[in-house]
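All remarks here apply to the structure that follows.
Every number in this text was worked out from the coordinates using simple rules, so none of it is lab data. This is a predicted model, so every value here is computed, not measured.
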């Protein structure tokens, strides 16, 4: 049975390799990032509110997230409108690049 198992394994590996090649060729190569759209998604990401919790507290941060979601505004607009934080403080605290960088 070993020759049959090995043959089937190699056949499956070839199919997987071909699928990976086709994915790369037809779905990945040539794609470009839409930085404007990414920025809009990032501005509307409610998960960024976690950075505000240590500064203004969980309850106020939660209110801001709910307000942004209910009104369809950005998190920054909702935070500034709430009066719990200034625009300058928001920009200083909520920096997605700082949030994803890791130290090595």
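Tabulated values for the structure
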| quantity | calculated |
| --- | --- |
| Between 0 and 90°, nearest 10: helix 2-23 axis offset from the chain longest Cα axis | 50 |
| GNM top mover of 12, 82, 53 - the chain, alpha-carbon springs below 10 Å | 12 |
| Gain upon complete extension [residue 41, residue 16; 0.36 nm per residue less C-alpha separation] | 5.7 nm |
| Mean ellipticity per residue at 222 nm, deg cm²/dmol - from DSSP H runs of n ≥ 4 across the chain, formula -39500 (n - 2.57) | -19500 deg cm²/dmol |
| P(r) weight above 15 Å for the chain, C-alpha pairs, percent | 72 |
